[in-house]
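These notes are about the structure you will find just below.
Only the coordinates and a few stated rules stand behind these numbers; no lab work does. Everything numeric in this text was worked out from a predicted model, so none of it was measured. Neighbour counts are summed over all protein chains in view; Cβ atoms, including those assigned to glycine, are modelled from backbone coordinates with ideal geometry.
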Amino acid sequence: MIENIIQAIKECVITGEYDQINHLCREALKQGILAYEIIMKGINEGMKVVGEEYESGKRWLPDLILAGEIMEKGMAVLEPKLATEKAKSRGVIVAGSVAGDVHDIGKNLVIAMLRGTGFNVIDLGINVAAEIFLESAGEHRANIVAASAYLSTTAPELREVIQLVRNYALGSVKVLVGGAAVTQKFARDIGADGWAPDALQAVKVADSLI
């Protein structure tokens, strides 16, 4: 029975059943399954399938976005339970779009993927000043600052984030960058510790930085 509900949650993410995820997650909790187990064996496994099919060209960006929205909806049910379970976090990440940038679709998808795979992510939102990234990293004892820029006009703000973190965190906090305006070369040139072109890669890079 437990395997059935976990499989149903996984399939829900894969097939895009947005309206079913809340019910399935609540039902799994009622059956006594730990929230962390639901996330890792259900939601995360479903996202892996969608992510791999996206990378291979079998799915399109809207499919990945929908899966991320389903994950977020399920996480809203499960996250309050994680605190009581004291599940071990894979690391703490503060994430946001840089100053002047108000785009958040990509950022939200990355955050959903990171949370679904066990990271504790603090979402700073959009239009975040470099100083706020630094302050939040210190406040939450973050392992990683994840900053995104959608526009070429806001991409230079990433350099400011990196410089502040370098100067004050003294190497204890890594900086992961991404966004439509950010290439791997640009990330390397401004001194980022990691770069990810999409949400799936962001999880892999975050793992390597931890």
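What to note about this one:
- Net length available on complete extension from Glu11 to Lys185 is 58.9 nm, with 0.36 nm assigned per residue and the Cα-Cα distance removed.
- With Rh defined as the Kirkwood radius, the inverse of the mean 1/r over Cα pairs, the Rg/Rh of the stretch 2-85 is 0.98.
- Amide H partners (placed H, <5 Å) of Val121, local residues excluded: Ile93
- Across all directions, the average flat footprint of the convex hull enclosing the Cα atoms of the stretch 99-210 is 5.8 nm².
- Spin-label model, Asn22/Ala169: points 7 Å from Cα along the beta carbon direction are separated by 3.5 nm.
- Degrees between helix 21-30 axis and first principal axis of the chain (Cα, 0 to 90, nearest 10): 70 degrees
- Spread of Cα-to-Cα distances over 10 Å intervals beginning at zero, given as percent, for the stretch 1-43: 33, 61, 6
- Ordering of 124-131, 57-64 by packing [mean C-beta count within 10 Å, highest first]: 124-131, 57-64
- Radius, Kirkwood style, for the chain when every pair of distinct Cα atoms is counted (Å): 17.3 Å
- Cα-based helix-to-principal-axis angle, 61-85 vs the chain, degrees rounded to 10: 80 degrees
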